[in-house]
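A.B. asks: Before we start, here is the structure in question, set down as structure tokens.
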Amino acid sequence: MRKPAIIKLRNLTKVYQEGEREHIVLREVNAEFNEGELIVLLGRSGSGKSTLLNLISGIDVPTTGEVIINSTPLTRISEQARTLFRRRHIGFIFQFFNLIPTLTVEENLLLPLELNVRNNAEEVEKALHLLDEIGLRDRAGSYPDRLSGGEQQRVAIARALTHDPLLILADEPTGNLDLETGHDVLDLLDRLTRQAGKTLIMGTHSREVVGIADRILTIRSGQLMEEEATP
Amino acid sequence: MNRILWRASLRHLLTHPWQTGLAVLGIALGVAVVVSINLAEVSAKRAFALSIETVIGKATHQIIGGPSGLDEAIYVQLRVEEGWKSAAPVVEGYVYVPGDPGRTLKLLGVDPFEESPFRTYWQHFGRDSAIDMATLVTEPNTALLSAITAKQLGLKRGDTLKLRVDGEPYAVRIVGLSPSGNSKGKFSLDDVLLTDISTAQTLLGMLGRLSRVDLILPTGQQGSAQLERLRALLPPAPEVIPTGVHTETIQQMTRAFHTNLTALSLLALLVGMFLIYNTMTFLVVQRRELIGNLRALGVTRRQIFKTILVEALSIGLVGTLCGLLFGMLLGEGLLGLVTQTINDLYFAVTVRQLAVPPLALALAVLLGLGVTALAAFVPANEAAIVPPRVAMSRSLFETKAHHWVRRSALSGVLVIAFATATLLLPSNSLGLGLIGLFALVLGATLITPAATVALVRLCQPAVSRVFGLIGRLAARSVLASLSRTTVAVAALMVAVSAVLSIGIMIGSFRLSVAEWLDSVVRADLYVSLPHPVASPPEGTLAPALVERIGAAPGVVDWSTVRRTRIDSERGITEIVAYKLSPHSHSGFRFKEGDPSAIWPAFEDQEAVLISEPYAYRHGLGVNALVRLRTDHGERDFRVAGVYYDYGSDQGVIAMSRRTYERNWTDRGVSGIGIYLDPDTAPKEIEEVLHRIAGPHQEVQIVSNRAIREASLEVFDRTFAITEVLRLLAAVVAFIGVFSALTALELERAREFGMLRAIGLTPRQLWGLIMSQTGLMGVAAGLLALPVGVALAVTLIYVINQRSFGWTMDAYISSGSLAQAMLLAVTAAVLAGIYPAFKMTRARPADMLREE
Amino acid sequence: MARQRFILLIAAALVSTGLIAGLAYSLWSLGDHNLAGEPHVIADALVGENTSGFAQATRTRPFSFPTDYGPHNAYQAEWWYFTGNVVTSLGRPFGFELTFFRVALAPGEPVDKSPWRTNQLYLAHFALTDVDGEKFYAYERVSRGALGLAGARSDSLTIWLEDWSVRSSETRHFPVILSAAEGNIAIELSLEQGKPVVLNGYRGLSQKSSGPGNASYYYSLTRMPTRGTVRIDGETFAVVGTSWMDREWSTSALGPDQIGWDWFALQMSDGQEIMFYRLRRQDGSTDPYSAGTLVTPSGAALQLTHDAVQIEVLDYWKSPRDSTRYPARWRIKVPIERLELEVRPILAQQELNLSVRYWEGAVEFAGTHADEPIHGRGYVELTGYDRHKAANNR
């Protein structure tokens, strides 16, 4: 059963100007992603994975082309509207520097809710429940730099889900972790997103993770190619 | 290896132009303020010394008389009967050139035939100028001018210069000009009207009198023998004094003024020092990882230390050089203010141009670099102890910072204790006072980090309640990077407290002066000569005028004042002789002495009153004896009381007119205070008085209100330079805070990028940055209030007292406090604008990519 | 006598010295100004060529005393010139010069309240020649003629500049007391009148160059018995001897080509005196206005015209300062009087290096008068010999 596509990428092109030279990162990329899908974006460092994720989230704008999420043309609305859309509908997990160092674990977790002014007791309770899910309830009051890398990424995953977004974007979430911790984090990510029925697009250079993917897309020379998932 | 290290550090500086530029600017401004003040002062001093040198020439001694000068017969006797050689008679005084603005010239009357051993300036009235010497000597009302002064007055040789002497109009013909442009700078006849002694006697109304006789005595035994012989020859009243005494006394008068200016300018440099410290700390913190890597590659600690220090010194050097240039420009501007103050308070001096002695510049360079090195030492050391390859986590670093905060606070408390002890020491040393003042500033600075933490913690709940998460974020970020934030807060605090304290000091001073004026200015109308000259003796009213005014209709009572000064080997003493109306007694407020006993003693027993600064400077009190050189020889006078007087920072001795006339031959009157019949209109009387004065002598008749206003105007003009310094300190502080906060905010680009990614709108980010800097501004402002008040109290009760001998009441208005607070917050908020602007404009993706 | 120009120069230089330290000397030595060419530059600045307002010596006048001992302020320049040769009882000779100049900076008397105002400037030179000590001393004073600092009386031969003075006693005009002290020297000399007043030129009118008024009034006392003391370095010598006084006042300057003069005042052992001034022209020749007076033992005066006297320079002396050359020995012949003398300085170095540079010194001479051997002493003044003057004249 395929759900209707909620994310549409139309002819996305991103060109960086490096002095006199133009560096084309993405060339005429077209793709559609459906609700609840777990998509893995495979590609080497510098292949354009992060750029594509940035374009999808709206923290960067394409040179040409369109991003449409849930029928919102993200590339055509104002920065303010894009920020508000992102705040409500997108959750982020980065490779480094996921958490605000000056906020505690709990505060980091509640940040999206607070930004969306949804800090009613019920929502907060739900969010704090996520702390149990990632097993860090007892660290709620700690500052991020007291946590290990794996723990920090778990908090990041939880934070990406607190405000119940449509879409979660993860950029090399395990890139900075050892193998075993990486596995744990991936498991958690897989479990929580699927449990919540969210769409997840995860950029990675490691084929290790393709196992959990519904679809696998590879970026090479600025082109996006679909691989058959191997369940 | 080293070269690559330098290159790396240079590139780092270049890729952080904002930080580097602002650090350069900060040090440049600090140096500029010091340089400009120094140059302005040096120029004023030099111009003064030059004019003194020109006028004194090679004279080693002078025979001086009382307020009315010397009898010229003494000179003739010396010459003809005693065959005394190397003696030159001098008649000098001040004349006023009307115009807009009017100008005061020193009238120097000499005997040209006796001048050559004394004054070399004659050489400069050389052949080119073809001085009509014979005319100067034989023709009344002829004079010589320096070419520059003549040009400024729009005069050529042969032109007539209109003058007023004691309000009476005269015209002199300029028969020669001294050449302009004296490259050697050996003499300055600027603002000197040189005449034959006969012309000077006539113009100044000193017929039969000389101002002094200049002498050249040999050094050593022969000199003292001659001196002894001379003293034996002279009647008791004239005194022979070495010429140095005079110059030195006059220069001493301005010493406190100069010290205060220098201290103020150093304050600006101190703030500049914070800037360098701040910047270097940043540059080190930013590169901790890089430095760790370099250490891993085998770069030694010493090399790291050197690299950072050289970096800092490069910034310091560029800043210092810019500061020198800017300082010279600024000095030109300040020169006018400095000379104005000197003219108002001490003596007439005109400074033609800014002197730029190389030594002053060298000192400034040394100061700039020294301060930089001092400021960079801690960060350089910090850099050197970074362990190889270990990028210490921020939190650990900040934890360390928290320890440092505690240590700093502790030493701050100790320094403040030291400062307090120093200030409380019963001493008259201005130097000690300034040490205390600076220690106070230092102590406050050291406490600032701890105080900032406490304040922000205190504010935090309120802030987070009002601004929610953004507020909490803002507060937290201030605390989280204490190593940078507190330095910025401290710099701002120092600047704001300096601004506040100087403001309070000036305000208190002004209030005291205003109150004093209210009590002392009692008469309804005051008659005096217009265009007063700073240094006494003041002009003399025509004696007939004094009598006629007393008899004018509507005049109930009147008092007269004679202001003059007595030179002696001990220095210069300002004397005020009052013929007081009973109305005026209550105008005196006494610091010491019983008023009921004072007045009879003053009027009938030849007792004198001394002003507060005089008492302070000479350590005298009631019943002490002051020795004065009267026209009948030296005499002791008993002090009946010490009274408040803000008219002279050197202090004055007041005596009754009767006492004055009994001991001195001078009968001149400098001013008259008139008490009117309450039924008459002052305006009408004023007109009557003007008619009485007639067209001959131009007199100034002003109401008591106008006098008060004019006095306060002079007061304000006097403090103009202080106000400017205060402003400059504020500007330096602002630049400092601006640079610190800008750097601080720019450094957090990634954090802001992430926040933007997860949905912080540009406006929210703007708010976040603004509340961060604003919070620091509030902290600085709140801390600056007590510190500023403490500094003000120190300035008023220690520095001012020791410099000028005046006591005044500290007056702290809530307005000035509010203003200080506003200044701190405004500076901080303004400093947030650029980073906020930049951050909200940037794409989050780019911000995340930073580093 | 031809000191008209000279006094203006001295006056100018001195006033300027008032203005310019050591001006005259430096000016001359720099060659900017010189005696011959444009000496009036400074003189102009001071007194000016403009002599209007001053009285002129255009015709003879009766001389009356004591009035004519005193100043003649209507004329621009005036002097009292005392020179003399004295000797101790042991025969140690000294020469002295004490001269007072008066220069009017402007004509008339100024009206001013200040007593310092005056048109009269006084200058004085005081020199002493110590032959045995081989030393020559020269000093200069200047003062305005006001307040009693300097001046001259009209009722006696009394003139003073500060503490240098010539004073007669209250009751008699003579003797006069010359009193001066400066540095390590001092004189206190009493001068009797000696012979009566000798009027030089035509009845005391001495024409200096062509043109009416280019003349002075000039009289002398040619043999004044002198006694008193000379003090050098604290040692006081009682001396006797003979002095000479020249009194001259005038207004107009010399002609432009008169560069200097040689003045001789000689007191002969046979009771005669001869005074002669040779005015030198730029080309070195003797100006026809040169003149002199021969005074007989009884005091009768005989005028000497320029061609009555022949002067031959036998030797020269170079100033050690800059090798300016002065004549230093002369043969003087007055053929109509059958007088022949050889004159030489008693000391070579008698150059006055004051604001104006000139040579004025005691001389001695020997020779014959109507075949009778004579000898004597006197004074010679030499002006306009500055080295640069010569250079400029070339």
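A.B. asks: Can you give me the convex hull volume of the Cα atoms of segment A:7-54, divided per residue and expressed in Å³?
C.D. replies: Cα-based convex hull of segment A:7-54, divided per residue, equals 76 Å³.
A.B. asks: What is the angle, in °, between the Cα long axis of helix A:105-115 and the longest principal axis of the Cα atoms in chain A? Nearest 10 is fine, range 0 to 90.
C.D. replies: On a 0 to 90 degree scale, this one is about 60.
A.B. asks: Among B:M754, B:M273, which comes first, then next, by fewest other beta-carbon atoms within 10 Å?
C.D. replies: The most exposed by this proxy come first: B:M754, B:M273.
A.B. asks: May I ask you to work out the translational diffusion coefficient for the protein assembly as shown at 10 °C, viscosity 1.306 mPa s, via Stokes-Einstein with Rh from the Kirkwood sum over Cα pairs, reported in whole µm²/s?
C.D. replies: Answer from the Stokes-Einstein relation: 39 µm²/s.
A.B. asks: Taking the Cα centre of chain B as origin, work out the dipole magnitude from +1 charges on Lys and Arg Cβ and -1 charges on Asp and Glu Cβ, in debye rounded to 20.
C.D. replies: Computed charge dipole of chain B: roughly 4960 debye.
A.B. asks: Given R₀ = 41 Å, FRET efficiency for A:I24-B:L410 by Cβ-Cβ distance, to 0.05?
C.D. replies: Efficiency computed from Cβ-Cβ geometry: 0.10.
A.B. asks: For B:L297 and B:R750, calculate 0.36 nm times their separation in residues minus their Cα-Cα distance, and state this gained length in nm to one decimal.
C.D. replies: 160.3 nm
A.B. asks: Distance cut-off 19 Å, Cα to Cα: go down the list A:K14/A:K198; A:K8/A:K126; A:K8/A:K49; B:K106/B:K151 and report the pairs above it.
C.D. replies: Too far apart for the 19 Å limit: A:K14/A:K198; A:K8/A:K126.
A.B. asks: So what's the back-of-envelope 222 nm ellipticity for chain B, counting only DSSP H runs of four-plus at -39500 (n - 2.57) apiece and dividing by all residues, rounded to 500?
C.D. replies: -20500 deg cm²/dmol
A.B. asks: Moving on. Any idea what angle helix B:394-424 forms with the longest principal axis of chain B, computed on alpha-carbon atoms, 0 to 90 degrees, nearest 10?
C.D. replies: The two axes meet at around 20 degrees.
A.B. asks: With the convex hull built on the Cα atoms of segment C:4-393, state its orientation-averaged projected area in nm².
C.D. replies: The Cα convex hull of segment C:4-393, projected and averaged over all directions, gives 18.2 nm².
A.B. asks: With unit charges on the beta carbons (Lys and Arg positive, Asp and Glu negative) and the dipole taken about the Cα centre of segment B:530-698, which residue among B:V669, B:L580, B:S611 sits farthest to the positive side?
C.D. replies: With unit charges placed on the Cβ atoms, the residue in question is B:S611.
A.B. asks: Moving to a separate point now. How shielded is C:142-152 by partner chains, expressed as the average number of their Cβ atoms within 10 Å of its Cβ atoms?
C.D. replies: Mean shielding by partner chains, rounded to a whole number: 5.
A.B. asks: Based on the Cβ-Cβ distance of C:S154 and B:H690, what FRET efficiency does E = 1/(1 + (r/R0)^6) give at R0 = 60 Å, to the nearest 0.05?
C.D. replies: The formula returns an efficiency of 0.70 here.
A.B. asks: Now for a separate question. Where does each of A:D164, C:D270 land when they are ranked from fewest to most other beta-carbon atoms within 10 angstrom?
C.D. replies: Least to most surrounded, the residues fall as C:D270, A:D164.
A.B. asks: Checking the cross-link filter: which aspartates and glutamates have an alpha carbon closer than 19 Å to that of C:K208, excluding same-chain neighbours under 8 positions apart?
C.D. replies: Cα-Cα hits under 19 Å: C:E38, C:E49, C:E78, C:D246, C:E248, C:D257, C:D262, C:D283, C:D287, C:D307, C:E381.
A.B. asks: I'd like to compare B:137-147, B:601-611, B:674-684, A:77-87: which one has the highest average count of other Cβ atoms within 10 Å, and what's the full order after that?
C.D. replies: Put in order of decreasing packing, that is B:137-147, B:601-611, A:77-87, B:674-684.
A.B. asks: What residue among B:L783, B:T742, B:T794 has its Cα farthest toward the positive end of the dipole of segment B:726-851, where the charges are +1 on Lys, Arg and -1 on Asp, Glu, each on the Cβ?
C.D. replies: Farthest towards the positive end: B:T742.
A.B. asks: Let me ask another. Straight-line reach from B:K306: which lysines have a Cα under 24 Å away, not including same-chain ones fewer than 8 places off?
C.D. replies: Qualifying lysines at Cα under 24 Å: B:K400.
A.B. asks: Could you run the Karplus curve 6.51 cos²θ - 1.76 cosθ + 1.60 with θ = phi - 60° over segment C:161-170 and give me ³J(HN,Hα) per residue in whole Hz, x for Gly and Pro?
C.D. replies: Computed from phi, the couplings for segment C:161-170 are 9, 6, 9, 8, 7, 10, 9, 9, 6, 4 Hz.
A.B. asks: Normalise the Cα radius of gyration of segment B:716-851 by 2.2 N^0.38 Å (N = residues in it) and let me know the number.
C.D. replies: Here the answer is 1.41, to two decimals.
A.B. asks: Any idea what angle helix B:430-480 forms with the longest principal axis of chain B, computed on alpha-carbon atoms, 0 to 90 degrees, nearest 10?
C.D. replies: Long axis of B:430-480 versus the principal axis of chain B: about 40 degrees.
A.B. asks: Which peptide among C:339-351, B:358-370 comes first, and what is the full order, when sorted by highest mean count of other Cβ atoms within 10 Å?
C.D. replies: Ranked from most to least packed, the peptides come out as C:339-351, B:358-370.
A.B. asks: Select from C:V197, C:G211, C:I187 the residue farthest towards the positive end of the dipole of segment C:181-234; place +1 on Cβ of Lys and Arg, -1 on Cβ of Asp and Glu, and compute about the Cα centre.
C.D. replies: Of C:V197, C:G211, C:I187, it is C:G211.
A.B. asks: Just want the ordering: B:D645, B:D518, from fewest to most Cβ atoms lying within 10 Å of their own Cβ.
C.D. replies: Fewest-to-most ranking of B:D645, B:D518: B:D518, B:D645.
A.B. asks: Please report, largest first and rounded to whole Å, the three semi-axes of the ellipsoid equivalent to chain B, where each semi-axis is the square root of five times an eigenvalue of the C-alpha gyration tensor.
C.D. replies: 61, 32, 24
A.B. asks: Would you mind working out the magnitude of the charge dipole of the protein assembly as shown relative to its Cα centre, with +1 at each Lys and Arg C-beta and -1 at each Asp and Glu C-beta, to the nearest 20 Debye?
C.D. replies: 4020
A.B. asks: Within 10 Å of each Cβ in peptide B:102-112, how many partner chain Cβ atoms are there on average? Round it to a whole number, please.
C.D. replies: Per residue, the number of nearby Cβ atoms from other chains is 2 on average.
Computed from the coordinates by the stated procedures, all read-outs in this text should not be read as laboratory data. Predicted model only: the values in this text are computed from it and were never measured. A quick note on method: Cβ atoms are made from the backbone with ideal geometry, for glycine too, and the neighbour counts reach across all protein chains shown.
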